[in-house]
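The values are calculated or read from the model by the stated rules, or taken from the named source; none is laboratory data. Computed from a predicted model, the values in this text were never measured in an experiment. Glycine also receives a Cβ, built like all others from the backbone with ideal geometry; neighbour counts cover every protein chain displayed.
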Amino acid sequence: MSQELPVRPHVPSWKLIATLAVAGVAAGLLIVSVHLWTQPRILEHQARALREAVREVLGAPETTTTLYLIEGALTEELPPGVDSLSVERVFLGFDESGQRMGVAISGGEPGFQDVINLIFGYDHASARVLGMKVLDNKETPGLGDKIVKDSSFVAEFVGARAPLAGIKPGSGSGAESEIDMITGATISSRAVIAIINHRVEAVAPLLDQYFRSAAVEPGASSTVAGAGGGP
Amino acid sequence: MRATTAQHDLVRGIWKENPVLIQMLGLCPALAVTNTVANSIAMGLATFFVLTGSSLLVSLLKRWIPREVRISAYILIIATFVTLVDMLLAAIVPEIHKALGAFIALIVVNCMILGRQEAFASKNTVGRALLDAVGTGTGFMIAMLLMGGFRELLGNGSLLGINVLGPSFEPWIVMILPPGGFFTLGFLLLWLAWWRERGAEEKPRVRRWPHGVRPEGDRRAA
């Protein structure tokens, strides 16, 4: 039986290994060169999207300054040798007269399909949310993605007092912390509210500490306002 | 004679041997990302690019790829193209890249692409392999658009995000959820079978089955 099968010429193993090795090296080089070209553009897109989001949730600030979370405290100075993208950041926004408008805080937690990433503006003095924008989500089109597309849901966050409480539409008592959840997108709405609450809980004490130390140093706030910079 | 072969190579994949509707290949993206027309178009284009690029390379390099490692080599070529598409989409059209998410990486395991390399590109000239890839890619795109259009229309009342069924239409949410993909595919296949059957009754002499496919009871010579 076996003798009747056509015998293929034997290819030595080294030839097989060499073929795949050469192909692998060529593929690797191609990918690296395209990566070098695309990486700055991808980072630029992300930075621009973040900049626009910060402007949106803070209500078009004149200047913004970035605070980095270093060793459990917020600071404007990034220690040398630390990548600004690898540390947690919040963004302080100021109006033309140098008055603080609020802090933009980002955060992410699992929604229905995948992690929902959002950014929101927060006024520390009054504990109010200034605005919310979902940066990144994979929620179900037509249902969960209403957290982005339903403008009345997004508008509810403006002026709401933290900690927020999600309620069934129409069952509210009119309290400032209440957010009507979206029918058919309960998990996604609840996730959005939870992200904001958790982030406020985590960042508020840090802001307290930062503003206290900033108030002690005279003229600190004016240098901050003049410093400009951005996310 | 050559023109006929070229035409055949190009047209075959579009309808008669449509990868999704007839060959039942590439069903994973066809079920997963066809919940809107925009996603279908983006996925169709990305797959088209990967398929054409891979077919070109495989047919060019076929002489140097030993039989024993051909599948590994094809996958390497396909994976490289997919990685390039992923990075280029993120750099050039970040919005579309965001919408497609993880599905771009999954083009690697689309068996339609590997199938064309093994069945056609590795055995034919560069020109024929390209025509075949363009035809198959177009066929895939047509199937994706059929599914995406149907699902977005019924599931959201819109096409390409533009509302066409009016505010009084109550969307069939299930159509944009995963089960809707199966319903739509099942419905499309049913309709296709009915349509072919009907065509066969009307003009039985020109009935031709795709290469290698012949139903039982069809005793005519191929």
Review point. Identify, please: which residue in region A:49-59 is among the charged types (D, E, K, R) and exposed (fewer than 15 other Cβ atoms within 10 Å of the Cβ) and is, among those, nearest to the other protein chains (Cβ to nearest Cβ)?
Key: A:52
Point to revise | Selection count, region A:155-211, where residues are assigned to a loop (DSSP other than H, G, I, E, B) and among the hydrophobic types (A, V, I, L, M, F, W, C) | key: 9
Review point. Any idea which residue in region B:98-113 is nearest to residue A:39 (Cα to Cα), counting only those that are buried (at least 18 other Cβ atoms within 10 Å of the Cβ) and away from chain A (no Cβ under 14 Å)?
Key: B:107
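Yes/no per residue for (1) at pLDDT 90 or above; (2) within 14 Å of the chain's Cα centre (by Cα):
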position	(1), (2)
A:94	no, no
A:104	yes, yes
A:113	no, no
A:126	no, no
A:129	yes, no
Review point. Within the bounds of region B:69-90, is there any residue that is of a type in the set (Ser, Thr, Tyr) and touching a residue at least 40 places away in the same chain (Cβ under 8 Å)?
Key: yes
Practice item. Give A:39, A:99, A:46 a once-over and let me know the one that is more than 14 Å from chain B (Cβ to nearest Cβ), free of Cβ contacts under 8 Å to residues at least 24 places away in the same chain and not β-branched (Val, Ile, Thr). Key: A:99
Study note, to complete from the structure: Going through (1) within 20 Å of the chain's Cα centre (by Cα); (2) within 12 Å of another protein chain (Cβ to nearest Cβ) one by one, residue B:95 fails only at (1)
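Could you tell me whether residue B:122 is modelled with pLDDT under 90, exposed (fewer than 15 other Cβ atoms within 10 Å of the Cβ) and more than 19 Å from residue B:39 (Cα to Cα)? Write out each step before concluding.
Details: modelled with pLDDT under 90: yes; exposed (fewer than 15 other Cβ atoms within 10 Å of the Cβ): no; more than 19 Å from residue B:39 (Cα to Cα): yes.
No.
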**Study point:** Those residues of region B:63-91 which are among the charged types (D, E, K, R) and more than 9 Å from chain A (Cβ to nearest Cβ), in sequence order
**Key:** B:63, B:70, B:86
Point to revise | Residue ID - farthest from residue A:198 (Cα to Cα), chosen from residues in region A:119-140 that are within 14 Å of another protein chain (Cβ to nearest Cβ) and of a type outside the set (Lys, Arg) | key: A:140
**Study point:** Pairs where the first residue, in region B:168-181, is more than 12 Å from every other protein chain (Cβ to nearest Cβ) and the second is in a helix (DSSP H, G or I) and crowded, with 16+ Cβ neighbours inside 10 Å, C-beta under 6 Å, 6+ apart
**Key:** B:181/B:31
Check your understanding: Out of all the residues in region A:13-36, which are more than 8 Å from chain B (Cβ to nearest Cβ), farther than 18 Å from residue B:88 by Cα and of a type in the set (S, T, N, Q)?
Key -> A:13
Practice item. Say whether the condition of being surrounded by 14 or more Cβ atoms within 10 Å (Cβ to Cβ), among the small types (Gly, Ala, Ser) and either within 22 Å of the chain's Cα centre (by Cα) or at pLDDT 80 or above (or both) is met by at least one residue in region B:208-218. Key: no
Review point. Surrounded by fewer than 22 Cβ atoms within 10 Å (Cβ to Cβ), among the hydroxyl-bearing types (Ser, Thr, Tyr) and under 17 Å from residue A:179 (Cβ atoms): does that describe residue A:97?
Key: no
Revision key, fill the gap. Listed by range, helices (runs of 4 or more DSSP H) wholly within region B:1-114 having at least 1 residues that are of a type in the set (Val, Ile, Thr) are B:2-12, B:37-61, B:70-92, B:94-100
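The rows are residues; the columns are (1) within 14 Å of another protein chain (Cβ to nearest Cβ); (2) in contact with a helix residue (DSSP H, G or I) (Cβ under 9 Å, 6 or more places away or on another chain).
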{"position": "A:142", "(1), (2)": "yes, yes"}
{"position": "A:151", "(1), (2)": "no, no"}
{"position": "A:159", "(1), (2)": "no, no"}
{"position": "A:167", "(1), (2)": "no, no"}
{"position": "A:181", "(1), (2)": "no, yes"}
